[in-house]
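So the structure is just underneath, and the comments pick up after that.
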Amino acid sequence: MGVCNNEFSRDEIIVLFDIMPSWAKYDENDSHDFLQSKYREMNMRKPNVSRFGYLKKIISEVGL
């Protein structure tokens with residue numbers, strides 16, 4: 001949760017982890033780095049919608 005500045009609940013972090021690409025799930029450092037990079041990307045784009053929904057969307061697009 002700390003990787004996202006405690007912005008999201010434990011349950012929301014679990015949802016984000018579940019949709020991460022499989023390669024990012026194998027190692028705790030990879031998961032942390034991946035989520036941190038997507039969180040930073042979201043902050044740079046400054047979405048005007050649900051921040052959780054937006055982060056979920058950009059994570060899910062990685063696997064496409």
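Quick rundown of the values:
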{"quantity": "GNM flexibility winner over the chain from LYS38, LYS25, LYS46 (Cα, springs under 10 Å)", "calculated": "LYS46"}
{"quantity": "Residue order, fewest to most surrounding Cβ atoms within 10 angstrom, among VAL15, VAL3, VAL49", "calculated": "VAL49, VAL15, VAL3"}
{"quantity": "Estimated dipole of the chain in Debye, rounded to 20 [Cβ of Lys and Arg +1, of Asp and Glu -1, Cα centre]", "calculated": "360"}
{"quantity": "Extension reserve of the ILE19-SER60 stretch, reckoned as 0.36 nm per residue once the Cα distance is removed", "calculated": "14.2 nm"}
{"quantity": "Helical mean residue ellipticity (222 nm; -39500 (n - 2.57) per DSSP H run of 4+; nearest 500) of the chain", "calculated": "-19500 deg cm²/dmol"}
{"quantity": "Selection from MET42, HIS32, PHE17 lying farthest towards where the dipole of region 2-63 points positive, charges on Cβ", "calculated": "MET42"}
{"quantity": "Solution diffusion estimate, µm²/s, Stokes-Einstein, the chain, Kirkwood Rh from C-alpha pairs, 4 °C, viscosity 1.567 mPa s", "calculated": "111"}
{"quantity": "Percentage relative contact order, the chain, counting C-alpha pairs under 8 Å, at least six apart", "calculated": "38"}
{"quantity": "Least to most buried among ARG45, ARG10, ARG51 (fewest other Cβ within 10 Å first)", "calculated": "ARG10, ARG45, ARG51"}
{"quantity": "Chymotrypsin sites (Phe, Trp or Tyr not before Pro) restricted to the chain and DSSP loop, no more than 16 other C-beta within 10 Å", "calculated": "TYR26"}
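The numbers here are math on the coordinates, done by the rules we state, and not lab data. Here the structure is a predicted model, which is why all the values come from computation and not from measurement. Positions of Cβ are backbone-derived with ideal geometry, glycine not excepted, and every protein chain shown enters the neighbour counts.
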